[in-house]
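Trainee: Please see the structure below; I have some questions.
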Amino acid sequence: MSGSVTVSAPAKINLSLGVGPVRRDGFHPLATVYQAVGLFDDVRVRPAPDPALGDTLTVYGDGIDVSQVPTDGTNLALRAARLLAAHHGLDECVEVHIHKRIPVAGGLAGGSTDGAAALVACDALWGLKTPREELLHLAAQLGSDVPFCVVGGTAIGSGRGELVTPVMTRGSYWWVILPASGGLSTPAVYGEFDRLTATTGADEPEISESMLSALRAGDVEWLGATLSNDLQEAAFSLRPDLAELIGLGLDGSAHGAIVTGSGPTTVYLCESRSHALEVNSVFDRPGIVVEAPVHGARVVAR
Ligand code: C5P
């Protein structure tokens, strides 16, 4: 086998994130609406030049800090390659290169989408044509967000987030994605959620019908009014500066603003590119203007 395969892998945001009480396996039941946004990592795989050295990984940070990205076998992209090889009884080794634009530990599924991309890329490199359902099953073993990163678009996530059902939407949406320095650990934010809900208890999460109707209608203002995130209070508790940013974005005419996933990235819903540029101008350190929804992990070069 020779050549290389490059896969484009989108960041995700959560338009809503309902979180229930912690399960016995340590995960929380989720009812979430994911959306893939136009901010991409590129993941390139090629056969390892020296299989005796095993898999290798290099990462280039395109304007972002990648010092916290592991380059050993714990990286989700390498775990994905190993998982797919084992699933098919192969002993191929790969050289993976990630061109990273998605901020690390930001609540944007950057690591998860690299895992999704590596699954899709190795599947193409090795000519496997793994059936979609099998690929999604493998993706779920890598992480809760990984199946959505394969599917892309806009979708409901249930279970611990790994069960994905596409949602009908009309038109496109513009977002300002505002990364925050420092990153937040996903387990730490869920831990803070547990602490904050210890006395009151968390309700079983549900998807808002109003949000689904707004998406079907392509009504940006309505969608903005339905954005919600049960982890937001926990993220604010660990990072009080995020609440101020959201206030600033709403005062700056965003139709809605929210912490995405476990944060600390905040996102601002706008009706057009020019509106997004206007909202973006209110921040000291500007964010990234993107259109959504976009495709899931897909081959762009081979
Ligand atoms: O599935 P993933 O590896 O992305 O999850 C990272 C961590 O986030 C988990 O170890 C868990 O602490 C937390 N988590 C959770 N409930 C979920 C998803 C993630 O508690 N539904």
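The values are calculated or read from the model by the stated rules, or taken from the named source; none is laboratory data. Predicted model, so just to flag it, every value in this text is computed and none were measured. Every residue, glycine as well, gets a Cβ built from its backbone with ideal geometry; the counts of neighbours run over all protein chains shown. Accessible surface areas use protein heavy atoms only, side chains included; no ligands, DNA or RNA. Shrake-Rupley method; radii C 1.70, N 1.55, O 1.52, S 1.80 Å.
Trainee: Please compute the contact order of the stretch 219-263 in relative form: average sequence separation of alpha-carbon pairs under 8 Å and at least six residues apart, divided by the residue count, as a percent.
Mentor: 55 percent
Trainee: Using 0.36 nm per residue of separation minus the Cα-Cα distance, give me the extension gain between Leu53 and Ser172 in nm, one decimal.
Mentor: My answer for the length gained is 38.3 nm.
Trainee: Also: With the Cα gyration tensor of the stretch 88-140 giving a ≥ b ≥ c as the square roots of its eigenvalues, does the rule (a/c under 1.5 for rounded; else a/b larger than b/c for prolate; else oblate) give rounded, prolate or oblate?
Mentor: oblate
Trainee: Pull out the extension gain between Arg285 and Arg273, defined as 0.36 nm times the separation in residues minus the alpha carbon to alpha carbon distance; nm, one decimal.
Mentor: Values: separation 12, 0.36 × 12 = 4.32 nm, distance 1.82 nm.
Stretched out fully, the Arg285 to Arg273 stretch lengthens by 2.5 nm.
Trainee: Another question, if that's okay. Roughly to the nearest percent, how much of the accessible area of the stretch 31-131 is carbon and sulfur, given a 1.4 Å probe? Please report the intermediate quantities before stating the final value.
Mentor: Details: 2060 of 3910 Å².
The nonpolar share, carbon plus sulfur, comes to 53 percent.
Trainee: Based on the Cβ-Cβ distance from Ser210 to Asp62, what FRET efficiency comes out when R0 is 35 Å, to the nearest 0.05?
Mentor: Step by step, r from the Cβ atoms, then E = 0.40.
Trainee: Which value in deg cm²/dmol, rounded to the nearest 500, describes the helix-derived mean residue ellipticity at 222 nm for the chain, given -39,500 (n - 2.57) per DSSP H run of n ≥ 4 and division by the residue count?
Mentor: Here the helix-only value at 222 nm equals -9500 deg cm²/dmol.
Trainee: Just read off the accessible area of Ser208 with the full protein assembly in place, 1.4 Å probe, to the nearest 10 Å².
Mentor: 40 Å²
Trainee: Can you give the relative contact order of the stretch 72-202 as a percent, counting alpha carbon pairs under 8 Å and 6+ residues apart?
Mentor: Relative CO of the stretch 72-202 lands at 22 percent.
Trainee: Then there's this: Could you work out the local net charge near Ala243, counting Lys and Arg as +1, Asp and Glu as -1, over the other residues with Cβ closer than 15 Å to its Cβ?
Mentor: Result for the neighbourhood of Ala243: -4.
Trainee: Something else now. How many Å³ per residue does the convex hull of the Cα positions in the chain occupy?
Mentor: Considering the Cα atoms of the chain, their hull volume per residue is 126 Å³.
Trainee: So, one more: Remind me, relative contact order of the chain in percent, using alpha carbon pairs under 8 angstrom and six or more residues apart? Could you put the intermediate results ahead of the total?
Mentor: On the way: 724 pairs, mean separation 80.6, N = 302.
With pairs under 8 Å counted, the relative contact order is 27 percent.
Trainee: Excluding ligands, DNA and RNA, what is the solvent-accessible area per residue of the stretch 74-169 at a probe of 1.4 Å, expressed in Å²?
Mentor: Values: 3330 Å² over 96 residues.
Per-residue value: 35 Å².
Trainee: In addition: Determine ³J(HN,Hα), in whole Hz, for all residues of the stretch 207-212 in sequence, where each value follows from phi through the Karplus function 6.51 cos²θ - 1.76 cosθ + 1.60 and θ = phi - 60°; x replaces Gly and Pro.
Mentor: These are the phi-based 3J(HN,Hα) values: 7, 6, 4, 5, 4, 5 Hz.
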